[in-house]
Amino acid sequence: MAQLRRVGLLGGTFDPVHTGHIRMAVRARDHFGLDQVIFMPAGRPPHKDGLVRTPDEDRLAMLAVATEDEPAFTVSRLEIDRRGLSYTALTLTQLTQENPDTVYFFILGADSLDYLDQWYRPDIICRLAIIAVADRPPFSREKQEEKAQEMRSRFGADVRFFPFEPCDVSSTQIREMCRRGEDLRGLVPQPVDDYIRRAGLYRY
Ligand code: ATP
């Protein structure tokens, strides 16, 4: 039998993509030996009432420039082009139907693991993907392990932590810094910084 492809799925609002996202993808790729990491920007994120202020095409364009030097990284429009709220369970259902030869690693930060059980159909997510978790402050390792155990016993989840030095950056922080006209160096990839300035994003 042909070997299964190992593919990471990193979902998010990416408003904008920042160095935390890129580092997570790099670490997950190296740790799990992933052939590919798909960045999946949400069209209408359920946990944000389906609202994102920044146009889809800008979020996609920033992801494109942030990932252009990594051949294993790709950006998908699947959730942007799908109608309705962007449920990961639906995305994984579609991806696994279309790619039966692939094992998926759903990459997420510890803050997302903390409420994954409240997402739409966590049972489907845990059946169709290995849950690959990156440390993220302020969640203690103890709290993360407790949550992982709960997901294992409730949904039979395969939760795995990968080495990730905590990286205290968020899209919210970047948007606020832009509003105040502050320097984003080191917090977003340089081409993303250039794009934000050219397009005049996050000024208000
Ligand atoms: P916002 O501040 O707008 O809520 P965010 O920085 O959390 O955004 P998202 O696009 O919502 O970014 O996150 C996508 C995924 O990346 C989530 O699983 C989140 O937990 C994870 N993530 C984002 N930033 C980090 C970080 N610095 N460390 C670890 N995980 C992160």
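Here the ratio of the Cα radius of gyration of the stretch 47-108 to 2.2 N^0.38 Å is 1.25. Using a probe of 1.4 Å, the accessible surface attributed to Thr172 totals some 70 Å² when neighbouring protein chains are kept in position. Each listed q (0.12, 0.31 Å⁻¹) maps to a log10 I(q)/I(0) for the stretch 148-204 from the Debye sum over equal C-alpha point scatterers, namely -0.48, -1.27. Per residue, how much accessible area does the chain have with a 1.4 Å probe, in Å²? Using a 1.4 Å probe on heavy atoms only, each residue of the chain averages 50 Å². The label point for Arg154 and the one for Arg198, both projected 7 Å from the Cα toward the Cβ, are 4.4 nm apart. Entry for the stretch 18-86 at q = 0.25, 0.27, 0.28 Å⁻¹: log10 I(q)/I(0) = -1.13, -1.20, -1.24, Debye formula applied to identical alpha-carbon scatterers, no solvent contribution. Couplings for the stretch 86-99, taken from phi via the Karplus curve 6.51 cos²θ - 1.76 cosθ + 1.60 with θ = phi - 60°, read 8, 8, 4, 4, 6, 4, 5, 4, 5, 4, 6, 5, 6, 10 Hz in order; Gly and Pro are left as x. Ranked from largest to smallest solvent-accessible area, with a 1.4 Å probe on the protein heavy atoms, Arg152, Arg179 come out as Arg179, Arg152. The alpha carbon centroids of the stretch 50-94 and the stretch 103-150 are separated by 20 Å. On the chain, 49 percent of the accessible area sits on carbon and sulfur atoms, based on a 1.4 Å probe.
Charge dipole (Cα centre; +1 on Lys/Arg Cβ, -1 on Asp/Glu Cβ; no other charges) of the chain amounts to roughly 340 debye.
Over the chain, the reciprocal of the mean inverse Cα-Cα separation, the Kirkwood hydrodynamic radius, stands at 17.4 Å.
The helix-only estimate of mean residue ellipticity at 222 nm for the chain, built from DSSP H runs of length n ≥ 4 each weighted as -39500 (n - 2.57), is -12000 deg cm²/dmol after division by the residue total. Accessible area of Cys167 (1.4 Å probe, protein heavy atoms only, ligands and nucleic acids ignored): about 20 Å². Evaluated at q = 0.22 Å⁻¹, the base-10 log of the normalised Debye intensity for the stretch 81-176, with identical point scatterers placed on the Cα atoms, takes the values -1.16.
The values are calculated or read from the model by the stated rules, or taken from the named source; none is laboratory data. From a predicted model like this one, the values you see are computed outputs, not experimental measurements. Note: ideal-geometry Cβ built from the backbone for every residue, glycine included; neighbour counts use all protein chains shown. To get the accessible areas, we keep the full protein, side chains included, count just its heavy atoms, and leave off ligands, DNA and RNA. Shrake-Rupley method; radii C 1.70, N 1.55, O 1.52, S 1.80 Å.
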